[in-house]
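Here is the structure we will look at, set down as C-alpha cells.
The values are calculated or read from the model by the stated rules, or taken from the named source; none is laboratory data. Computed from a predicted model, the values in this text were never measured in an experiment. Glycine also receives a Cβ, built like all others from the backbone with ideal geometry; neighbour counts cover every protein chain displayed. Accessible surface areas use protein heavy atoms only, side chains included; no ligands, DNA or RNA. Shrake-Rupley method; radii C 1.70, N 1.55, O 1.52, S 1.80 Å.
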Amino acid sequence: NSLYQESSPEEFDHVVLGSDQVWNPAFTHANPAWFLDFVPPEQRIAYAVSLGVPKLPPYLTKRYRRGLSSFKAISVREHQAATIVEEIIGKRPQVVLDPTMLIGRDWWEQHMVRPTDLAPENYVAKFMLSAGDSTRTSSVSLSDVHEFATKSDLSLVDLDTYTPPDKVALDPFEFIGVLKHSALVVTDSFHTAVFAILFHRPFLLVSR
C-alpha cells in the first residue's frame, strides 16, 4: 500500500493480491485495503486467494460484493471459495494452485538454509498453528509424538519456540530448512504439510 502510494500509478501494469487468508473475514474484516481500494480497478488482480471459511457473515456480504466486483481478474485456491465468490458476484473464479507449489522442489532446496545446530534427520519438527490461537480449537494430544521421539532417540524441535543460535527468530528459508532435514513433521498447518510433501518427509497432519 505505502509503496504503491509513494509511486506513480502509471509505473504499474497490475497489482496482484494473494494469497493465504487475505479474504478471511476473521482476519481482515473486509477491510477495503485487502480489496486493493487504493489501486484503480483495471490494475487489480487476485491470485490464489484463500477465504478459509465455509461461508461469509451475512452482515459483510455487501462489503465483499463491492470489493470483489472491483477486480479485473480473480482466482482462488479453494473450490469452496470459488462458490462463495460466485454467489456474491455471479461469476465463478478459476481455482488455481497455492503459490508454494508453483515452484519446483529444486528451487526451494537451493534457497533453504539448515540451522547448523540441528543434525539431519535427528529430530521431529513440530509446527502447530493452534499454539497461537487465543481460543484453542483442538484438544488433540501429541503424547504419542513425544513418545515416538523418545523411543526413536530423536529430539523434538518445536518451530513455535525454536530459535537458531545467535538469531532472534527463524527466517522463512531456515524454517523450510528445518522441515527438509527432519525425520518426521507434525503439523496442523496446510503449508507446512505442503513442504513435507515437496521434500518427501514423513508427516502427521493434525486436525485443527
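Note on the range 21-76: with neighbouring protein chains present and a 1.4 Å probe, carbon and sulfur make up 60 percent of its accessible heavy-atom surface.
Convex hull volume of the Cα atoms of the chain, normalised per residue: 153 Å³.
Its residues counted as N, the range 109-208 yields a C-alpha radius of gyration over 2.2 N^0.38 Å of 1.03.
Assuming charge only on the beta carbon of Lys and Arg (+1) and of Asp and Glu (-1), the dipole of the chain about its Cα centre is about 880 debye to the nearest 20. As I understand it, the dipole of the chain uses +1 on the Cβ of Lys and Arg and -1 on the Cβ of Asp and Glu, about the Cα centre. Which of Leu36, Ala193, Tyr59 lies farthest toward its positive end? Of the candidates, Tyr59 comes out farthest on the positive side. Here the range 136-208 and the range 27-85 have alpha carbon centers that stand 32 Å from each other.
Placing a pseudo-label 7 Å from each Cα along the Cα-to-Cβ vector at Phe38 and Asp117 gives an inter-label distance of 3.8 nm. Taken one residue at a time, the phi angles of the range 154-162 give Karplus couplings (6.51, -1.76, 1.60, θ = phi - 60°) of 10, 7, 10, 9, 8, 6, 6, 10, 5 Hz. Gly and Pro are set to x.
The magnitude of the dipole of the range 134-208, with charges of +1 and -1 set on the Cβ of Lys/Arg and Asp/Glu and taken from the Cα centre, is near 200 debye.
With all protein chains kept in place, the per residue accessible area of the chain amounts to 57 square angstrom at a probe of 1.4 angstrom.
If the chain linking Ser155 and Lys55 were pulled fully straight, counting 0.36 nm for each residue of separation and taking away their Cα-Cα distance, it would gain 31.9 nm. Please work out how many pairs of lysine residues in the chain are eight or more positions apart (or on different chains) and have Cα atoms closer than 24 angstrom. For the chain, the number of qualifying lysine pairs is 10. Here the accessible area is traced with a 1.4 Å probe on the protein chains. For the range 164-208, carbon and sulfur cover 65 percent of it.
Calculated on C-alpha atoms, the gyration radius of the range 1-84 divided by its Kirkwood radius gives an Rg/Rh of 0.97.
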